Amino acid sequence: MNYHAHATAVIDEGCLIGEGTRIWHFSHIMPGCTIGKNCNIGQNVVVCPNVVLGNNVKVQNNVSIYEGVNCEDDVFLGPSMVFTNVFNPRSAIPRTHEFMPTIVRNGASIGANATIVCGNEIGEFAFIGAGAVVTRPVPAFALVMGNPARQTGWISEYGHKLNFNNEGIAVCPESRQEYQLKNNKVTRVK
């Protein structure tokens, strides 16, 4: 094995796990999923079949990642956050053929106890506040909070709120990277 799994973790045959990944207590990694390199899968996490996690994904305790979810590189999933994969679940009506995809783009963070309703895309480096309920797509670099989640600002790759000047330029206080706001979209100035 080129990854570490705690003795209580259940790793089913038929999953791919990248080098340097760590899987902690009581987690279940199901067949057909792909987990990239250097990921950290916290305690009591379930990764369902056909889920794809990129490299360096951090999954905190008590998260279930259901079929239909795809997380790109450097994604952070906070403690007890929730994904769904069926829009209108009913116990007596099978809907496994109705799984809706959810994509979490590169560098996005989802806070503790947030809920992501299926069928939405979380843009790169977006930041979902703790407890937020996301019911629609979230743009790249957006900061969203509340129930339902509403955009309250823009955020840098380093996780700092961006304050744009009259020319639509903001500078991250930590990295000194510049960002441009144009037509309600943020891009990093190279």
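Laboratory data are not the source of any read-out in this text; all were calculated from the coordinates shown. This is a predicted model, so every value here is computed, not measured. Positions of Cβ are generated from backbone atoms using ideal geometry, with glycine treated the same way; all protein chains shown enter the neighbour counts.
Distance between the modelled labels on residue 185 and residue 165, one decimal in nanometres: 2.4 nm (7 Å Cα→Cβ projection). In order along segment 47-56, phi translates into HN-Hα couplings of 10, 7, x, 6, 6, 10, 10, x, 7, 6 Hz, rounded to whole numbers, per the Karplus curve 6.51 cos²θ - 1.76 cosθ + 1.60 with θ = phi - 60° and x for Gly and Pro.
Protection proxy ranking of 44-51, 125-132, 157-164, 178-185, by the mean of other Cβ atoms within 10 Å over each peptide's residues and highest first, is 125-132, 44-51, 157-164, 178-185.
Residues whose amide H comes within less than 5 Å of that of residue 35, counting only those at least five positions distant or on another chain, are 16, 17, 18, 53 (H built at 1.01 Å from N in the peptide plane).
Distant-in-sequence amide contacts of residue 9, defined by a placed amide H-H separation under 5 Å and a gap of 5 or more residues or a different chain, comprise 26, 27. Summing Lys and Arg as +1 and Asp and Glu as -1 over all other residues whose Cβ lies under 11 Å from the Cβ of residue 35 gives a net charge of +1. Using alpha-carbon pairs under 8 Å, 6+ residues apart, how would you state the relative contact order of the chain in percent? After rounding, I find 10 percent.
Taking the average, over residues, of other Cβ atoms within 10 Å as the packing measure, peptides 25-33, 68-76 rank 68-76, 25-33 from highest down. Sorting the segments 137-143, 165-171 by their residues' average number of neighbouring beta-carbon atoms within 10 angstrom, most packed first, yields 137-143, 165-171. In plain terms, the residue of 156, 175 with the fewest other Cβ atoms within 10 Å comes first and the most crowded comes last, giving 175, 156. Between 177, 60, 43, the residue with the greatest mean-square fluctuation in the GNM of the chain (Cα pairs under 10 Å linked by springs) is 177.
All Cα-Cα separations within segment 4-161 were binned at 5 Å from zero, giving a P(r) of 2, 10, 19, 24, 19, 14, 8, 3, 0, 0, each value a whole percent of the pairs.
Of interest is the spacing of the C-alpha centroids, which for segment 89-142 and segment 27-75 amounts to 14 Å.
Remark: segment 4-161 carries a charge dipole of roughly 460 debye about the Cα centre, counting +1 on each Lys and Arg Cβ and -1 on each Asp and Glu Cβ.
Legend: ranking of residues 11, 41 from fewest to most surrounding C-beta atoms inside 10 Å; resulting order 11, 41. Only lysine pairs 8 or more places apart or on separate chains count here, and in the chain those with Cα atoms under 29 Å apart total 9.
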